[in-house]
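Peer 1: One structure, pasted below without further comment.
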Amino acid sequence: MPDLGIDVLLKGSNMLRLLQGLWVAMKISLVSIGISIPLGLIVGTLMTTRFKSLKVIFRIYLETIRILPQLVLLFLVYFGSTRALGWNLSGEMASIIVFTLWGTAEMGDLVRSALVSIPKHQYESSEALGFTKGQMYYYIIIPQTIRRLLPLSINLITRMIKTTSLILMIGVVEMLKVAQQIIEANRMTSPNAAFGVFLVVFILYFIVCWPFSTLATHLEKKWR
Amino acid sequence: MKKLLAILLTGILAVGITACGNSAETASAKSEGYRTLDEIKESGTINIGVFSDKNPFGYVDENGTYQGYDVYFAERIGEDLGVEVNFVSTEAANRIEYLQTGKVDIILANFTVTDERKEEVDFALPYMNVALGVVSREDNEITSLDNWNKDDSIIVISGTTAETYLIENYPDIPLQKFDSYATAKEAFENGTSVAWENDNTEVIAFSLQNEGYTVGIPSLGSNDTIAPAVTKGNATLLDWINNEIEGLAAEKFFHADYEATLTDTYGSDYEESLVVEGGKTN
Amino acid sequence: MNWEFIEKYLPMYREAAVLTVVIGSIGIAFAILIGLICAMVLYHKVPVAKHIVNGYVELSRNTPLLAQLFFLYYGFPKIGINLNAELCGVAGLAFLGGSYMSEAFRSGLEAVDKIQEESALSLGMTKYQVMKYVVLPEAISISIPAFIANIIFLLKETSVFSAISLMDLMFTAKDLIGLYYKTTESLFLLVIFYLLIILPVSVIGSLVERRLRYAGFGN
């Protein structure tokens, strides 16, 4: 059995630090998703209204966010905002802003398409049955929308957690950066640490993301 | 058609965002880009940008604490200012950016003083000597950069003086660029390139710490110094650091720093040639 | 904005854009191939192979490309497998993209009405013919939107190649910021070049999508 350098993680508080790095990433994605969901609900609902100009504005916002790589957005906000607007953002703050902008756009689009996908006759039938508008939304439309929306938004959480790996490039000390630091500090004693440590990072990402995506698939099948 | 239009508008908007960034730039970069000495003292914390993967100058040990020659000095600065030190992990290419955008108050990340950099930031008095050096494998030692074999590449770290030097003096040598020390060293060990050029202090440290490597070119380019840097115009902080460095000469602080952080790697052979005391180079 | 700087470094960005596009296209081509194979395996419920494919899909979808690349580029040499950065980029993109493409094809295959297959069989076509002339064309046209979305997603993902020292657009911008401190100009060029690469794909995507709507049967 060749030395794979996993034992490095047992030294000092290395494993704990790696997990803390993961927690930093998780925190950023959970905060962002927490803000994105309500904002996305609003944006998505507004996009189904009749106001043309509103629709166009949101469309542009959505397409801009979608077309540029997240890493480019991170750079624009992290380095660009200070220069353009004089804000002094920490890497964490810049990440939360970018992930929230992105999450709101994605969530808004999900909400919009979920709302649009509910057939018109559902509205009409409930009206014919004498439901008030409130009752109609509460008993008919919202439950159906949630069923379509929930799996997709859980998937969005997975995507966010995965994307947090990029924030290492704007100086946030998250799991990958901690991994590099550990490998660097132990270069002499365990030269093969890069294999073991990056393997563990890979597995940790999987352990965190897999339950979310499995839950999403499960819900999707159940509610189809 | 509507979607097409939307997409087009998107493009224009995105361009607009960056373009606007530019017009405001000159104004903001020169104004509030930094915190004065009093503001730092008042806040109780100073943000110091250091490397977190450049052993033995700035790195993080297995307990998660910052260590190294630069860090030792940073801690002393915090102590004498009476504030907490918040270490900010930086990469070479980000150092100037971090100062200009006020993300850190001081850069203490093995920052070589150059004329180009002086136009962007203010350097304090130096605390270390440096030149460039090239490390290679013992079985394929590189002793000269002339008559370079075009199939081989040299590893450099993006945004370092080594990169600038090679671009200016040996534009034909293929470069393999990395954004962090950690990745550059890893790739060098994995055999990505035949040589790694960096500060000679760092490549010497690498060859001493790792078996099978030798520094075939120990000194290249001009002899430079390494100094703390602050945001351009931050005179109060700059003056304070200069006084601090001069004052520390009496207790031979940087010799003590060397002995605490570098002796393990270099022994005492390099002590006199590396350390600059009181900002006075010979 | 310093236009002289922009003019001077335009060729560097152009080179980087070519690298992004070339490695991106090769990676995406492999991703499509892997995706087709995996989708076929899942669709036909091939024993054993389907479990392997399922495992692969889960692994690839639940880990970030950057972690995959770090492991591949910095970790693998420790066990004697040394791949150059270009190869790692292609391999990483194919590994990641394969599972996304597989999902797109699979849902396309599943969306083809069983009646189509049965009718074709009853017309005397062989199973292979049914696949080639009836099921696949329909499945592919159904999955085109997802397919294009995946291509855009993968093109965007190439931005992390900079972490394994590939001189792509992202690295070029970072490098120029580090070398000449021209942040605004470097970021400006970065955005322009990404738009130049991704916008056309997105536009073509929406045009194709519109045309394909008429290709559906009975809806």
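No value in this document is a laboratory result; all are computed from the given coordinates. Remember, predicted model here, so these are calculated numbers, not experimental data. Cβ atoms come from the backbone with ideal geometry, glycine included; neighbour counts cover every protein chain shown.
Peer 1: Quick check for me: using +1 on Lys/Arg Cβ and -1 on Asp/Glu Cβ, what's the dipole size of the protein assembly as shown about its Cα centre, in debye to the nearest 20?
Peer 2: Details: 55 positive and 76 negative charges, 1124 e Å.
Roughly 5400 debye, rounded to the nearest 20.
Peer 1: Still on this model: When the distances between all Cα atoms of chain B are binned every 10 Å from zero, what whole-number percent does each bin get?
Peer 2: In order of increasing distance, the bins hold 6, 27, 31, 21, 11, 4, 1, 0 percent.
Peer 1: Just the number, please: Stokes-Einstein D of the range A:102-224 in µm²/s, Kirkwood Rh from C-alpha pairs, 37 °C, 0.692 mPa s.
Peer 2: Numbers: Rh = 17.9 Å.
The calculation lands on 184 µm²/s.
Peer 1: Per residue of the protein assembly as shown, what 222 nm ellipticity follows from adding -39500 (n - 2.57) for every DSSP H run with n ≥ 4, rounded to the nearest 500?
Peer 2: Details: 29 runs with 437 residues, N = 725.
Computed mean residue ellipticity for the protein assembly as shown: -19500 deg cm²/dmol.
Peer 1: Right, next: Answer rounded, prolate or oblate for the range A:27-68, using the Cα gyration tensor with square roots of eigenvalues a ≥ b ≥ c: rounded when a/c is under 1.5, else prolate when a/b is larger than b/c, else oblate.
Peer 2: Working: a/c = 4.62, a/b = 1.59, b/c = 2.91.
Because a/c hits 1.5 or more and a/b fails to exceed b/c, the range A:27-68 counts as oblate.
Peer 1: In addition: Using a 10 Å cut-off on Cβ atoms, rank the peptides B:124-134, C:134-144 from the highest mean neighbour count down.
Peer 2: Details: B:124-134: 23.0, C:134-144: 18.9.
So the peptides B:124-134, C:134-144, ranked by packing, come out B:124-134, C:134-144.
Peer 1: Quote the charge dipole size of the range C:3-215 about the Cα centre in Debye, to the nearest 20; the model charges only the Cβ of Lys and Arg (+1) and of Asp and Glu (-1).
Peer 2: Values: 16 positive and 16 negative charges, 68 e Å.
It works out to roughly 320 debye.
Peer 1: Simple spin-label model, 7 Å along Cα-to-Cβ: C:K127 to B:E168 in nm?
Peer 2: So the two model labels end up 7.1 nm from each other.
Peer 1: Please give the contour-minus-distance gain from A:M188 to A:I207: 0.36 nm per residue of separation, less the Cα-Cα distance, rounded to one decimal in nm. Please report the intermediate quantities before stating the final value.
Peer 2: Working: separation 19, 0.36 × 19 = 6.84 nm, distance 3.00 nm.
Stretched fully, the A:M188-A:I207 segment lengthens by 3.8 nm.
Peer 1: Right, here's the next one. For C:K45, go through the aspartates and glutamates and keep the ones whose alpha-carbon is under 16 Å away, minus same-chain ones fewer than eight residues off.
Peer 2: Once the sequence-local aspartates and glutamates are set aside, what remains near C:K45 is C:E103, C:E110.
Peer 1: Relative contact order for the range B:130-224: what is it in percent, counting Cα pairs under 8 Å that are at least 6 residues apart? Can you show the working numbers first?
Peer 2: Working: 174 pairs, mean separation 48.4, N = 95.
This gives 51 percent for the range B:130-224.
Peer 1: Give me a comma-separated list of calculated 3J(HN,Hα) values for the range B:33-41, in order, Karplus coefficients 6.51, -1.76, 1.60 applied at θ = phi - 60°, integers in Hz, x for any Gly or Pro.
Peer 2: Each residue of the range B:33-41 in turn: x, 9, 10, 6, 4, 5, 5, 5, 4 Hz.
Peer 1: Say we join alpha carbon atoms closer than 10 Å with springs in a Gaussian network model of chain B; which of B:T261, B:T201, B:T164 then has the biggest fluctuation?
Peer 2: Among B:T261, B:T201, B:T164, the largest GNM mean-square fluctuation belongs to B:T164.
Peer 1: For chain A, find the longest principal axis of its Cα atoms and tell me its angle to the long axis of helix A:52-67, 0 to 90°, nearest 10.
Peer 2: 20 degrees
Peer 1: Quick one: check the C-alpha center-to-center distance for the range A:104-181 versus the range B:64-101, whole angstrom.
Peer 2: 42 Å
Peer 1: Looking at the square roots a ≥ b ≥ c of the eigenvalues of the Cα gyration tensor of the range B:130-224, which shape do they give, rounded for a/c under 1.5, prolate if a/b is larger than b/c, or oblate? Can you show the working numbers first?
Peer 2: Working: a/c = 1.20, a/b = 1.13, b/c = 1.07.
Rounded is the answer for the range B:130-224, as its axis ratio a/c remains below 1.5.
Peer 1: Beta carbons within 10 angstrom, averaged per residue: use that to sort the peptides B:104-116, B:218-230, highest first.
Peer 2: Numbers: B:104-116: 22.8, B:218-230: 19.2.
So the order, starting with the most tightly packed, is B:104-116, B:218-230.
Peer 1: While we're on this one: Using only the alpha carbon atoms of the protein assembly as shown, find the Kirkwood hydrodynamic radius as the inverse mean reciprocal pair distance, in angstroms to one decimal. All intermediate terms of the calculation are to be shown ahead of the outcome.
Peer 2: Numbers: mean 1/r = 0.0362 Å⁻¹.
One decimal place: 27.6 Å for the Kirkwood radius.
Peer 1: Could you put A:I57, A:I170 in order, starting from the residue whose Cβ has the fewest other Cβ atoms within 10 Å? Each step should come with its number before you reach the end.
Peer 2: Values: A:I57 15, A:I170 21.
By the 10 Å Cβ count, ascending, the order reads A:I57, A:I170.
Peer 1: Assuming a viscosity of 1.002 mPa s and a temperature of 20 °C, what translational diffusion coefficient in µm² per second does Stokes-Einstein assign to the range B:86-162, Rh being the Kirkwood radius over Cα pairs?
Peer 2: Details: Rh = 15.1 Å.
In µm²/s, the coefficient rounds to 142.
Peer 1: Something else: Under the classification rounded if a/c is under 1.5, otherwise prolate if a/b is larger than b/c and oblate if not, where does the range A:38-142 fall, given a ≥ b ≥ c as square roots of the Cα gyration tensor eigenvalues? Mind showing how you got there, number by number?
Peer 2: Values: a/c = 3.40, a/b = 2.88, b/c = 1.18.
Taking the square roots of the gyration eigenvalues as a ≥ b ≥ c, the range A:38-142 is prolate.
Peer 1: Residues with amide H under 5 Å of B:F57's amide H, sequence separation 5 or more or different chain, H placed in the peptide plane at 1.01 Å from N; which?
Peer 2: B:Y69
Peer 1: Something else about it: Residue by residue, what Karplus-based ³J(HN,Hα) values in Hz, rounded to whole numbers, does the range B:170-175 have, using 6.51, -1.76 and 1.60 with θ = phi - 60° and x for Gly and Pro?
Peer 2: Karplus values, whole Hz, x for Gly and Pro: 10, x, 8, 6, x, 9.
Peer 1: Output ³J(HN,Hα) for the range A:31-43: one whole-Hz value per residue in order, computed from phi by the Karplus curve 6.51 cos²θ - 1.76 cosθ + 1.60 with θ = phi - 60°, and x for Gly and Pro.
Peer 2: Listing the rounded values in order: 4, 4, 5, x, 7, 5, 5, x, 4, x, 4, 5, 4 Hz.
Peer 1: Please find, in a Gaussian network model of chain C (springs between Cα atoms separated by less than 10 Å), the residue of C:L179, C:L36, C:L187 whose mean-square fluctuation is greatest.
Peer 2: C:L179
Peer 1: Take every Cα pair under 8 Å in chain B that's 6+ residues apart, average their separations, divide by the length, and report that relative contact order as a whole percent. Present the calculation step by step, with values, prior to reporting the outcome.
Peer 2: Numbers: 496 pairs, mean separation 68.1, N = 282.
Value for chain B: 24 percent.
Peer 1: Convex hull volume of the Cα atoms in the range C:3-215, per residue, in Å³?
Peer 2: Details: hull volume 28.8 nm³, N = 213.
Roughly 135 Å³ of hull volume per residue.
Peer 1: Report, as an integer, the average count of C-beta atoms from other chains found within 10 Å of each Cβ along C:168-175.
Peer 2: Working: counts 0, 3, 6, 5, 1, 3, 12, 7.
If you average over the peptide's residues, the count of other-chain Cβ atoms is 5.
Peer 1: Work out the charge dipole of the protein assembly as shown with +1 on the Cβ of Lys and Arg and -1 on the Cβ of Asp and Glu about the Cα centre, then indicate which of A:L73, A:L16, A:I35 is farthest towards its positive end.
Peer 2: A:I35
Peer 1: Which far-off residues, 5 or more places away or on another chain, put their amide H under 5 Å from the one on B:V276, with H placed in the peptide plane?
Peer 2: It is B:M128, B:N129, by chain and number.
Peer 1: Computed over the Cα atoms of the range A:6-222, what is the ratio Rg over Rh, Rh following Kirkwood?
Peer 2: Working: Rg = 21.5 Å, Rh = 19.6 Å.
Rg divided by Rh gives 1.09.
Peer 1: Also, I was wondering about something else. What is the magnitude of the charge dipole of chain A about its Cα centre, with +1 placed on the Cβ of each Lys and Arg, -1 on the Cβ of each Asp and Glu, and no other charges, expressed in debye to the nearest 20? Display every interim value, and only then the final one.
Peer 2: Details: 21 positive and 11 negative charges, 128 e Å.
Dipole about the Cα centre, nearest 20: 620 debye.
Peer 1: Connecting C-alpha atoms closer than 10 Å in a GNM of chain B, tell me which of B:G58, B:G102, B:G267 has the biggest fluctuation.
Peer 2: Checking each option, the largest mean-square fluctuation is seen for B:G267.
Peer 1: Can you list residues from other chains, or at least 5 along the same chain, whose modelled amide H is less than 5 Å from the amide H of B:F111?
Peer 2: Here the answer is B:A227, since their amide H atoms fall under 5 Å of that of B:F111.
Peer 1: What distance in nm separates the two pseudo spin-label positions at B:E259 and A:K222, each 7 Å out from Cα along the beta-carbon direction?
Peer 2: The answer from the label model is 6.8 nm.
Peer 1: One quarter of the convex hull surface, Cα atoms only: what value does that give for the range C:18-123 in nm²?
Peer 2: Values: hull surface 34.4 nm².
Orientation-averaged projected area of the Cα hull: 8.6 nm².
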